[in-house]
Amino acid sequence: MRKHFVLAIALLAIGGLLKAAEGVTPLEEVKALNFGIISTESQINLRKDWEPFIADMEKKLGMPVKAFYAPDYAGVIEAMRFGKVHVAWYGNKSAMEAVDRSNAEVFVQTVDVNGNPGYWSLLIVHKDSEIKSLEDILKNPGKYTFGNGDPNSTSGYLVPAYYVFGLNKIDPKTHFKVVTNANHEGNALAVANKKVDVATNNTENMDKIKEKFPDQYPNIREIWRSPLIASDPICWRKDLPDEIKAKLKKFFLEYGKNADAAEKDRELAIIKKLGWAPFRESSNAQLIPIRKLALFKDRMKVESDTTISAEEKQKKLADFDAKLAALDKEHAHN
């Protein structure tokens, strides 16, 4: 009996050391909420737009709320994984990664400032560019430079990876003369200043470019637009205390819908700066189309792989098809 008791104590101690090593704060002890913000543009611009919203969240929750900025999307995903971020704004692709790796869960969804149910991925060029269409890019391998998005970006990376490159059986790394990676703002300004020939972006960010860089915006021209992408999700860690979850959901779903007209207008002005209208409830189900895109892209890589045997290829393709069928079934139930 004593031996078992000593073993149990030792295991508990090891667990505590591992938790300390990871830097995870037990969530029942959270005294301040850390809110992760993905790097879609410069931190200076993000802070300016987000600070009023974070301040309102802090007031409504009755606890300190600290904004967490990282130089890339992965920084926010990893911070949530290790309990350094409790709630975060993600794109769909980065939310998918956070759900799979960081114990995240979608609970609300943003709504486009114009009421659109989503937004669109873009390819953009300089207004004076000889590139007039996607076809001009596809038929000229090795000619142009390309500004790709963050690898965890939905509109800046995953969507064009499938619709532009995957469906046309093109590897951007070999198709373009040079490939760089940047956030949306960086890519837009690179195009406007002729630093790259073509780059990814999205409709929400282009609205921000128009507002924040009115001298640069006229230099940018759209040449391709994707199918509609679901609006961005807001995620919390699943193991947050229920009391905090309830307050968070109430805050998001009531924001911009205040009974007091003046307060409602103030809140609407704040989220308009973020490119949004009032939020709506959501769940992990909104990520299913993005999961399908990611699987399709990986399936196409296997299909075109000449280094594996026909038997191995068929086995891998069958596995992809089974996963896609399961996602279709899950989608039908949501």
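The values are calculated or read from the model by the stated rules, or taken from the named source; none is laboratory data. All values derive from a computational prediction rather than experimental measurement. Note: ideal-geometry Cβ built from the backbone for every residue, glycine included; neighbour counts use all protein chains shown.
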Might you check whether a residue that is out of contact with any strand residue (DSSP E or B) (no Cβ under 9 Å at 6 or more places or on another chain), under 24 Å from F53 (Cα atoms) and crowded, with 22+ Cβ neighbours inside 10 Å occurs anywhere in region 102-109? no
Scan region 136-146 and tell me whether some residue there is within 16 Å of the chain's Cα centre (by Cα) and in the same structural domain as V196 (by TED's automatic domain parsing). no
Go through (1) on the phi > 0 side of the Ramachandran plot; (2) assigned by TED's automatic domain parsing to the domain that holds N92 and name the single condition R237 misses. (1)
Residue count, region 29-53, condition surrounded by 14 or more Cβ atoms within 10 Å (Cβ to Cβ) and assigned to a loop (DSSP other than H, G, I, E, B), comes to 6
Need a quick list: helices (runs of 4 or more DSSP H) entirely within region 166-227 having at least 2 residues that are among the β-branched types (V, I, T) and surrounded by 15 or more Cβ atoms within 10 Å (Cβ to Cβ). 203-212
Taking region 273-285 as the region of interest, how many residues are over 12 Å from D232 (Cα atoms), modelled with pLDDT under 95 and not aliphatic (A, V, I, L, M)? 1
